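Bear in mind that the values in this text are calculations on the coordinates, not laboratory data. Model, not experiment: these values are computed from the prediction. Neighbour counts are summed over all protein chains in view; Cβ atoms, including those assigned to glycine, are modelled from backbone coordinates with ideal geometry.
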Amino acid sequence: MEQPMAQETGDTRDSSGANPGAVRGTAICAVLGGLLLVAYALLMNLKPRGCIVEECVGQSYRAAGPLESTLILAALGLMIATAFGLFWMHRFEGRGTRMVRIAALVAAVSLFIGVALANVFWWAGFAALLLAMLAFAVTGAGLMRSRVLPPWSGAMLILTTLLLLVHNDQNELILLVIPFGVTWMVLGGLLWSTAPSSTGRWHARIQHA
């Protein structure tokens with residue numbers, strides 16, 4: 001079979017239009033997003049313990065300051081970009097790719113809506129963030145099936161996402177955010193390691209998974 005014309009002109013894209021630079025960009029977003037999320041959790045844990053439900057009579061909530069707010073917003077923005085990157089990368093045919101595409105897109109959109117509505121309609125924002133967490137878990141399951149990345153990385157995403165369901169920013173349970181952040185740094189490192197050869201490797205790995 002003849003190779004795509006793009007390869008004759010030195011273009012690194014394959015017939016599906018993939019580009020190693022975009023893979024690296026997604027990897028950078030994942031690593032930075034995870035790093036900022038870990039920093040946010042550590043800084044929040046240094047603050048005095050807040051109150052939870054019935055404890056809040058006469059006590060104050062643990063509130064994020066300007067630095068923590070900037071860190072979490074930047075981290076969530078980078079994770080939205082990473083989720084869109086995963087959606088884009090898995091447009092090839094193959095086992096598990098449709099699951100990754102749908103789940104990553106739902107996660108990205110839900111996370112964006114959750115952030116946008118958090119200070120307006122908190123209940124709608126909370127529901128959207130919860131949906132994003134579940135979508136990230138499904139994304140992990142899709143990664144395990146597609147085998148574009150090592151299956152254990154998908155399992156890691158599932159486990160650390162489920163931990164988020166019981167985290168609480170008012171006490172030491174905020175530290176459960178850290179494993180999730182570390183997972184994104186690991187995923188970013190794995191994505192970066194796949195980029196240098198060419199994205200034809202992505203195509204081949206998904207096709208033969």
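Things to note:
- Each of the peptides 26-37, 165-176 was scored by the mean count of other Cβ atoms within 10 Å over its residues; in descending order, highest first, they stand as 26-37, 165-176.
- Projected label distance in nm at S69 and W122, using a 7 Å step from Cα toward the beta-carbon: 1.5
- The 3J(HN,Hα) values that the Karplus relation (6.51, -1.76, 1.60; θ = phi - 60°) gives for the stretch 163-180 are, in residue order, 4, 4, 5, 10, 6, 8, 7, 8, 9, 5, 5, 4, 5, 5, 6, 4, x, 5 Hz. Gly and Pro appear as x.
- Of every Cα-Cα pair in the stretch 22-180, the percent that sits beyond 20 Å: 51
- Length gained on full extension, A155 to Y61: 30.5 nm, using 0.36 nm per residue less the C-alpha separation.
- Karplus-based coupling profile of the stretch 33-38, in residue order and whole Hz: x, x, 5, 5, 5, 5, with θ = phi - 60° in 6.51 cos²θ - 1.76 cosθ + 1.60 and x standing for Gly or Pro.
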